[in-house]
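The values are calculated or read from the model by the stated rules, or taken from the named source; none is laboratory data. Worth saying up front: this structure is predicted, and the values here are computed from it rather than measured. Counting neighbours? That spans all protein chains shown, and the Cβs are built from the backbone with ideal geometry, glycine included.
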């Protein structure tokens, strides 16, 4: 069941069956199976046999998203700041700042070295996210974006895992 805007109530008002059914339906919407989608990709070519799978659940303006992208065996390309599109034609609410706002966590996996690099998901544009990485530099941790050689030189079967949530416009 799709999310419905909740009714407003006043003191002493009697709840009707219709109002209670709407509340119940909204709880169902949160608990229903996630909807699959294929994220639009920018600066990322998956190559032969590569896959990208996105899943989301939306409750009103609140959206939870999981994305897993796996590079194929050949013909893949990772450029500066690969972008992953948002689901369901949603865009970020106005209070998010491009290249600054962090909306979730990320993990990138180098299958050859069996290495995993923890990162974060940041707002890249009004309708896309990118992966940011922590980089130890001197006394402080700095951040950087993914490139063709950061955090490693990408190869076949390497992976992106993104888990994030946001308020849609």
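In summary, residue 58 fulfils each of the numbered conditions (1) under 15 Å from the mean Cα position of the chain (by Cα); (2) in contact (Cβ under 8 Å) with a residue 24 or more places away in the chain; (3) closer than 17 Å to residue 160 by Cβ with the single exception of condition (3).
Rundown of residues vs (1) in contact with a strand residue (DSSP E or B) (Cβ under 6 Å, 6 or more places away or on another chain); (2) buried (at least 16 other Cβ atoms within 10 Å of the Cβ); (3) more than 20 Å from residue 6 (Cα to Cα), yes/no style:
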residue: 30; (1), (2), (3): yes, no, no
residue: 44; (1), (2), (3): yes, yes, yes
residue: 48; (1), (2), (3): yes, no, yes
residue: 58; (1), (2), (3): no, yes, no
residue: 67; (1), (2), (3): yes, yes, yes
residue: 70; (1), (2), (3): yes, yes, yes
residue: 75; (1), (2), (3): yes, no, yes
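Taken together, 138, 50 contain a single residue that is touching a residue at least 24 places away in the same chain (Cβ under 8 Å) and more than 18 Å from the chain's Cα centre (by Cα), which is 50. For the range 3-19, the set of residues classified as farther than 24 Å from residue 66 by Cα and within 32 Å of the chain's Cα centre (by Cα) consists of 5, 6, 7, 8, listed by residue number. Going by what's in this entry, would residue 94 be described as loosely packed, with under 12 Cβ neighbours inside 10 Å, without any contact (Cβ under 8 Å) to a residue 12 or more places away in the chain and over 12 Å from the mean Cα position of the chain (by Cα)? Taking the combined requirement at face value, the residue does not satisfy it.
Return yes or no: is residue 5 surrounded by fewer than 10 Cβ atoms within 10 Å (Cβ to Cβ) and modelled with pLDDT under 80? Criteria met by residue 5. When the residues of the range 143-164 are filtered to those that are surrounded by fewer than 16 Cβ atoms within 10 Å (Cβ to Cβ) and over 22 Å from the mean Cα position of the chain (by Cα), the one that is farthest from residue 51 (Cα to Cα) is 149.
Examine the range 58-65 for a residue that is in contact with a helix residue (DSSP H, G or I) (Cβ under 7 Å, 6 or more places away or on another chain) and under 25 Å from residue 169 (Cβ atoms), and state whether such a residue exists. Yes, the range 58-65 contains a residue that is in contact with a helix residue (DSSP H, G or I) (Cβ under 7 Å, 6 or more places away or on another chain) and under 25 Å from residue 169 (Cβ atoms).
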